[in-house]
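Structure record follows, encoded as structure tokens.
The values are calculated or read from the model by the stated rules, or taken from the named source; none is laboratory data. Small disclaimer: the values here were computed from a predicted structure and weren't measured. Using ideal geometry, Cβ is built from the backbone for each residue, glycine included, and neighbour counts are taken over all protein chains shown. Side chains are part of the model used for accessible areas, which takes the heavy atoms of the whole protein and leaves out ligands, DNA and RNA. Shrake-Rupley method; radii C 1.70, N 1.55, O 1.52, S 1.80 Å.
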Amino acid sequence: MRLTLNNIILCIILIGIFFIPFNSWSGIGFLGEYYRDSCFLFFSFAFVLTLLKKRIKIPLNNLIFQFLILFILWSFLATLLNAHNVLDYYFKQTTGVSRFINQFGSLIIASLIIPVTFFNGLKKTNINNIFRLIRRVILASLIIVFIYSIIEILIVKLNMIYLKKPLLNLFDYFPFTEAKTDMRLQRISSVTFEPPALGTYLLSIAGWMFSYVLTEKNKLKYLPLIIVLFLGFMSGSRAAFFAIIIQFLIALVFFLKHKNSSKNIYKILLGFSVISLVSLAYFNKPIIEYVKKEINSFKLDDSNHALSNKSRFGIQQAMFRVFTEQPISGTGYGLQAFESRKKYPAWAKKNNWEFRLKYLNQNDKRFPPGYNMYLRILSETGTVGLLFFGLIILQIFLWCYNNLKSENSILAFIIFISMIGFSLNWLKMDSFRIYFFWLCLALIWIIELRKDVSNG
């Protein structure tokens, strides 16, 4: 491969993709909400190099991109419509204007700069080569995540604490990684900073790893899928594992229809069914107890998750109340917390240290999370904002449907499975910093650009 600017940008983007899960380090403070994201350093460098190119391509004719621009413009306009309140906002030593600038800047970085960098860095490479390069990089990254997780499981779940110093602490020498364990809650986070972050990473790469079943012929093609399911379960992130299971069940439909995998899948399903029935017969009580425990973990009186559930559901209820008061334009982008803080329900705040020490603590400058992207958009940009965001999601699913039987079927499958995960994941988090989502958008833009060139 010749050393050209395009190839350098491509390599840097691939390195960034490799490092997406590696965010357990202390980070760089001045980067704001991107401070932990090691991949952001590489994507930023790739963007700077992209600016050196004579011509930057922007997918202006793509409908998804147009809806994205409308969403961004409306987010700005919705804030202007609420300017009389924004100027008066003050919370956690932060003014409304300052908060909006930071949040809107973060939106521009995530939704424009990063995907446009992906688009320009990858568009000159053959689409099949892009697919295989990205998938290999993700697999290489997952292998390291898996190795760390196995050691962590041995320490946390099986109490082999003596392994921490000679084995796990070696990861302190790996870039952007600080080895740690959670002996109290016995949850694993691998190279990410917390179990939900590991869950988000796994559901983001699920489509890529599941695609091995469709494209490969050797027996090892099932291994990446098994690793994703195994780590999803072991992470202890309930919502993320649920999303991964839904992704797997939908992918299973594709596997059963695919000639390269259908026979083996039927055999695996038969064997799994027999094992499940035998296990249920002999271990029915512990299995039933485990299922009950997982269902109860979403309740407000669960001993292990009561606080987090109260905080999550209380904040979500407050955001919905904010939306009902300003249903058209919301509070302005990034500003819902200024209004939500007045509407947290009493049952959520009662005996809940998270509200006292974090969410309502004026000395803690960190703003409370929204815990739901759809409610956040409703409360900050109103029904109009959610309409534009919904059109983006809908158009992506329509694109997948229209391309599942085309020459781009594997990438359509990956993006479809990924979008299932993203859509479910946004029910529990409110961040646009989902790099694989923007990568999916960039790949759609590239494929559509190739179609326009070939048809033109």
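Would a scan of segment 366-380 turn up a residue that is surrounded by fewer than 16 Cβ atoms within 10 Å (Cβ to Cβ), more than 15 Å from the chain's Cα centre (by Cα) and of a type in the set (Ser, Thr, Tyr)? Before the answer, list the steps.
Of the residues in segment 366-380, the ones surrounded by fewer than 16 Cβ atoms within 10 Å (Cβ to Cβ) are 366.
When the remaining residues are screened for being more than 15 Å from the chain's Cα centre (by Cα), the result is 366.
Those still in the list that are of a type in the set (Ser, Thr, Tyr) too: none.
No, the conditions are met nowhere in segment 366-380.
Could you tell me which residue of segment 45-97 is farthest from LEU394 (Cα to Cα), considering only residues that are free of Cβ contacts under 8 Å to residues at least 24 places away in the same chain and under 26 Å from the mean Cα position of the chain (by Cα)?
Filtering segment 45-97 for residues that are free of Cβ contacts under 8 Å to residues at least 24 places away in the same chain and under 26 Å from the mean Cα position of the chain (by Cα), the one farthest from LEU394 (Cα to Cα) comes out as VAL48.
Answer with yes or no whether LYS123 is out of contact with any Pro (no Cβ under 6 Å at 6 or more places or on another chain) and within 30 Å of LEU214 (Cα to Cα).
Numbers: out of contact with any Pro (no Cβ under 6 Å at 6 or more places or on another chain): yes; within 30 Å of LEU214 (Cα to Cα): yes.
The answer is yes for LYS123.
Listed residues GLY232, GLY236; which is of a type in the set (Gly, Ala, Ser) and in contact (Cβ under 8 Å) with a residue 40 or more places away in the chain?
On the way: GLY232 fails: in contact (Cβ under 8 Å) with a residue 40 or more places away in the chain.
Being of a type in the set (Gly, Ala, Ser) and in contact (Cβ under 8 Å) with a residue 40 or more places away in the chain holds for just one of GLY232, GLY236, which is GLY236.
Please determine whether any residue of segment 170-177 is exposed (fewer than 14 other Cβ atoms within 10 Å of the Cβ), at pLDDT 90 or above and assigned to a loop (DSSP other than H, G, I, E, B).
Yes, some residue in segment 170-177 is exposed (fewer than 14 other Cβ atoms within 10 Å of the Cβ), at pLDDT 90 or above and assigned to a loop (DSSP other than H, G, I, E, B).
Confirm whether ILE114 is open to solvent by less than 30 Å² (accessible area, probe 1.4 Å), at pLDDT 95 or above and of a type in the set (Val, Ile, Thr). Please lay out each step first, then the result.
Values: open to solvent by less than 30 Å² (accessible area, probe 1.4 Å): yes; at pLDDT 95 or above: yes; of a type in the set (Val, Ile, Thr): yes.
Spelling it out, ILE114 is indeed open to solvent by less than 30 Å² (accessible area, probe 1.4 Å), at pLDDT 95 or above and of a type in the set (Val, Ile, Thr).
Pull up segment 345-365, narrow it to residues that are open to solvent by 10 Å² or more (accessible area, probe 1.4 Å) and part of a loop (DSSP other than H, G, I, E, B), then point me to the one that is nearest to SER106 (Cα to Cα).
LYS365
Of LEU202, LEU220, LEU185, which residue is farther than 20 Å from ASP172 by Cβ, in contact with a Gly (Cβ under 8 Å, 6 or more places away or on another chain) and not in a loop (DSSP other than H, G, I, E, B)?
On the way: LEU220 fails: in contact with a Gly (Cβ under 8 Å, 6 or more places away or on another chain); LEU185 fails: not in a loop (DSSP other than H, G, I, E, B).
Of the residues listed, the single one that is farther than 20 Å from ASP172 by Cβ, in contact with a Gly (Cβ under 8 Å, 6 or more places away or on another chain) and not in a loop (DSSP other than H, G, I, E, B) is LEU202.
Need pairs with beta-carbon distance below 6 Å; first residue touching a residue at least 60 places away in the same chain (Cβ under 8 Å) and within segment 20-32, second open to solvent by less than 40 Å² (accessible area, probe 1.4 Å) and aromatic (Phe, Trp, Tyr); sequence gap 6+ or separate chains.
ILE20/TYR435; PRO21/TYR201
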